[in-house]
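One structure is given here, and the rest of the page talks about it.
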Amino acid sequence: MEEALELARAKDAKERMAGVERLHKVLEASRRSLSSSEVTSLVDCCLDLLKDNSFKVSQGALQALDSAAVHAGDHFKLHFNALVPAVVDRLGDAKQPVRDAARRFLLTLMEVSSPTIIVERAGFFAWTSKSWRVREKFARTVTSVIDFAVAE
């Protein structure tokens, strides 16, 4: 995983994209839980990648975070305050795949954590956002969580 993180931090966009893809594959294939230091390194790297100009890099970072959330356990909760605003911001991205990846990641966070905690933290940033897309996508995300909860 360290090699993929280093590649994802490269200055060249193609190398970053390759690093993000590799990171996602490593996390998808992994069956072991992630340590606290691994989660911290991953989150730090992905927070930078979420600001990348390439939508594919941002999308890949969200997919990697989504895969990691399942393996991270409680270690991920320590980073909610940094992650949630950045992910909510990507709900308003100009590219649909990035918006969808951000929505999937928020749903995954709600599954591995508590939906109430995520909705409260993300809601503050979503409802006060200037972007109508962020507010709309967040409303759809919350609606799908409620629909899922009612269906059970």
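The values are calculated or read from the model by the stated rules, or taken from the named source; none is laboratory data. Since the model is a prediction, treat every value here as computed from it, not as a measurement. Cβ: placed from backbone, ideal geometry, glycine included. Neighbour counts: every protein chain shown. Note: areas computed on protein heavy atoms with side chains; ligands, DNA, RNA excluded. Shrake-Rupley method; radii C 1.70, N 1.55, O 1.52, S 1.80 Å.
Can you find, within the range 1-31, the residue that is farthest from the chain's Cα centre (by Cα) among those that are closer than 16 Å to residue 70 by Cα and open to solvent by less than 40 Å² (accessible area, probe 1.4 Å)?
Per the criteria, the residue is 30.
Looking at the structure I just gave you, is residue 84 part of a helix (DSSP H, G or I), under 12 Å from the mean Cα position of the chain (by Cα) and either of a type in the set (Ser, Thr, Tyr) or at pLDDT below 90 (or both)?
Details: part of a helix (DSSP H, G or I): yes; under 12 Å from the mean Cα position of the chain (by Cα): yes; either of a type in the set (Ser, Thr, Tyr) or at pLDDT below 90 (or both): no.
No, not satisfied.
Given the options 64, 94, 68, name the one that is farther than 21 Å from residue 9 by Cβ and either in contact with a Phe, Trp or Tyr (Cβ under 9 Å, 6 or more places away or on another chain) or in contact (Cβ under 8 Å) with a residue 40 or more places away in the chain (or both).
Every option except 94 fails the conditions.
Give the residue that is farthest from residue 104 (Cα to Cα), with candidates limited to residues of the range 32-66 that are open to solvent by less than 10 Å² (accessible area, probe 1.4 Å) and not aliphatic (A, V, I, L, M).
Ranking the qualifying residues of the range 32-66, first place goes to 45.
Of all residues in the range 104-135, which are part of a helix (DSSP H, G or I), within 25 Å of residue 60 (Cβ to Cβ) and open to solvent by less than 70 Å² (accessible area, probe 1.4 Å)?
Passing the criteria: 105, 106, 107, 108, 109, 110, 112, 118, 122, 126, 134.
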